[in-house]
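Only the coordinates and a few stated rules stand behind these numbers; no lab work does. Bear in mind the structure is a predicted one, so any value in this text is a computation, not a measurement. Glycine gets a Cβ as well: all are built from the backbone with ideal geometry, and neighbour counts include every protein chain shown.
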Amino acid sequence: MKRRLIHKFVPNGHYCYKYVNGKYKHCKFGTHITIRTKQGDVILSHCSYLNLSSLNCTDEEFEMLKTHYNASTDEIFDKFPLDFLWDGCKECNLNIDNRERAIKGFKKQKNEIFKRRVR
């Protein structure tokens, strides 16, 4: 899908939803995935645009994931890297207003200049 079309499906601002005319408008890419383990199902928030998921589960469900994937705690966090998606916070940085985009660009440019000086 072309990037211009993608922006139409993602609400403006920091969140994957927007309150418009008394209703919440959700991002078209925000979904949930179900991981079926031997102990039961674990439902996680998922962004189909980034194709990444967020760990929004209980301690018991987290242990179920570790057993299911036969993985360490760090490996589970690497597999499901999005930190704030479960709370509806945008992790794709699409449709964030221009002022914030300019600040992020400035910080990136500043870091690149610093890296050049260190060499």
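Using θ = phi - 60° in the Karplus curve 6.51 cos²θ - 1.76 cosθ + 1.60, the 3J(HN,Hα) couplings for the stretch 57-65 round to 9, 6, 4, 5, 5, 4, 5, 4, 5 Hz; x is entered for Gly and Pro. Charge tally for Met64 (other residues, Cβ to Cβ under 13 Å; Lys, Arg +1; Asp, Glu -1): -2.
Converting phi to 3J(HN,Hα) with the Karplus coefficients 6.51, -1.76 and 1.60 and the offset θ = phi - 60°, the stretch 85-93 yields 4, 4, 9, x, 7, 6, 10, 8, 6 Hz in sequence order, with x at every glycine or proline. Once the Cβ-Cβ distance of Lys38 and Phe77 is raised to the sixth power relative to R0 = 25 Å, the FRET efficiency obtained is 0.70.
At q = 0.25 Å⁻¹, what base-10 log of I(q)/I(0) does the Debye formula yield for the stretch 1-93 when every alpha carbon is treated as an equal point scatterer in vacuo? Here the Debye-derived log intensity ratios amount to -1.25.
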